Each structure stands twice: as C-alpha cells, then as structure tokens.
Amino acid sequence: MANREIGNTGWRWVGNVNWSFIDKVNTGSDLDPEKVRDAFSLINIQAGIERADGRYEIMLTGRNVTDKRVNMLVFDSVFQSGSWHTFINPPRVIGLSVRANLL
C-alpha cells in the first residue's frame, strides 16, 4: 500500500491496486471440453485518507472494477438434456469504509 503525506495536516493519502490472473481451466466436474473457461484478469483498488497516528481512516474500495464476468462453475442441467447451469463470479463491488480507533 502506498501513502503520501498531505502537507502538514496530519493526514496522508493511501492507495493500493492489485491485479490477479486466473489461468484457463475446465469448470466442469465431468471435464467436458465445452466447459473450458479462458484465462482472465481481475483488478481491485483501494484509495483513501488516514490520520498519520492511525486513529481514523476513510477508504473507497472497488473489487472487480472492470466488471469482468466469467463462469466459475458449469454443470449439466438435471431436467434438460444438453443444457447447462452456471455460477458466475461476483460483479463489480464498490464500498466506502470509515474506521475510528478511539482506544
């Protein structure tokens, strides 16, 4: 995580970016070649400000910021031969957190 002082305010900017690469994989338990998922990447970001003494923090967080959607698991439908069901990864998530350490 990177940080930089904001003048003589007692606050500092903080930020973090992480990238993960998930390789090509077969998402089916039966190893059906049609259930192979291509490789993909995900990007997560955090940015905010915090007190230099660590007592307060305000952070904006983004997970899967490019909103990449992929099949995580593919399985055959029970009642419709030749069709599939799938679970996909979580969509883009943006959040704000405020932390106060009063002790």
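The values are calculated or read from the model by the stated rules, or taken from the named source; none is laboratory data. None of the values given here were measured: they were computed from a predicted structure. Quick reminder, even Gly has a Cβ in these numbers, built from the backbone with ideal geometry, and neighbours come from all protein chains shown. Please note that ligands, DNA and RNA were not included when accessible areas were found on the heavy atoms of the full protein model with its side chains. Shrake-Rupley method; radii C 1.70, N 1.55, O 1.52, S 1.80 Å.
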Here the residues within region 21-35 that are within 18 Å of the chain's Cα centre (by Cα) and modelled with pLDDT under 95 are Ile22
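Filter region 86-103 for residues that are more than 30 Å from Leu31 (Cβ to Cβ) and not in a loop (DSSP other than H, G, I, E, B); which is least open to solvent (accessible area, probe 1.4 Å)? Reasoning before the result, please.
If we filter region 86-103 for residues that are more than 30 Å from Leu31 (Cβ to Cβ), which is where we start, we get 92-103.
When the remaining residues are screened for being not in a loop (DSSP other than H, G, I, E, B), the result is 93-100.
Values: Val93: 57, Ile94: 108, Gly95: 31, Leu96: 126, Ser97: 52, Val98: 111, Arg99: 95, Ala100: 61 Å².
Only one residue fits best here, namely Gly95.
Filter the strands (runs of 3 or more DSSP E) completely within region 36-85 down to those with at least 2 residues that are under 10 Å from the mean Cα position of the chain (by Cα) and either in contact (Cβ under 8 Å) with a residue 12 or more places away in the chain or closer than 17 Å to Ser97 by Cα (or both). So that I can check it myself, show each step before the final result.
Values: elements: 40-51, 56-63, 71-76.
Strands (runs of 3 or more DSSP E) meeting the threshold: 40-51, 56-63.
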Go through the residues of region 40-50 one by one and say whether even a single one is hydroxyl-bearing (Ser, Thr, Tyr) and touching a strand residue (DSSP E or B) at 6+ places or on another chain (Cβ under 6 Å). yes
Could we say that Asp67 is out of contact with any strand residue (DSSP E or B) (no Cβ under 7 Å at 6 or more places or on another chain) and on the phi < 0 side of the Ramachandran plot here? no
If you scan region 1-47, which residues turn out to be on the phi > 0 side of the Ramachandran plot and among the small types (Gly, Ala, Ser)? Gly7, Gly10
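Go through Ile6, Ile45, Ile49, Ile22 for me and flag whichever is closer than 23 Å to Phe87 by Cβ and open to solvent by 40 Å² or more (accessible area, probe 1.4 Å). Before the answer, list the steps.
Numbers: Ile6 fails: closer than 23 Å to Phe87 by Cβ; Ile45 fails: closer than 23 Å to Phe87 by Cβ; Ile49 fails: closer than 23 Å to Phe87 by Cβ.
Answer to the selection: Ile22.
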Across region 52-76, the tally of residues that are open to solvent by 60 Å² or more (accessible area, probe 1.4 Å) and of a type in the set (A, V, I, L, M) stands at 4
Single residue of region 9-19 satisfying the filter (touching a residue at least 24 places away in the same chain (Cβ under 8 Å) and over 16 Å from the mean Cα position of the chain (by Cα)) that is most open to solvent (accessible area, probe 1.4 Å): Trp13
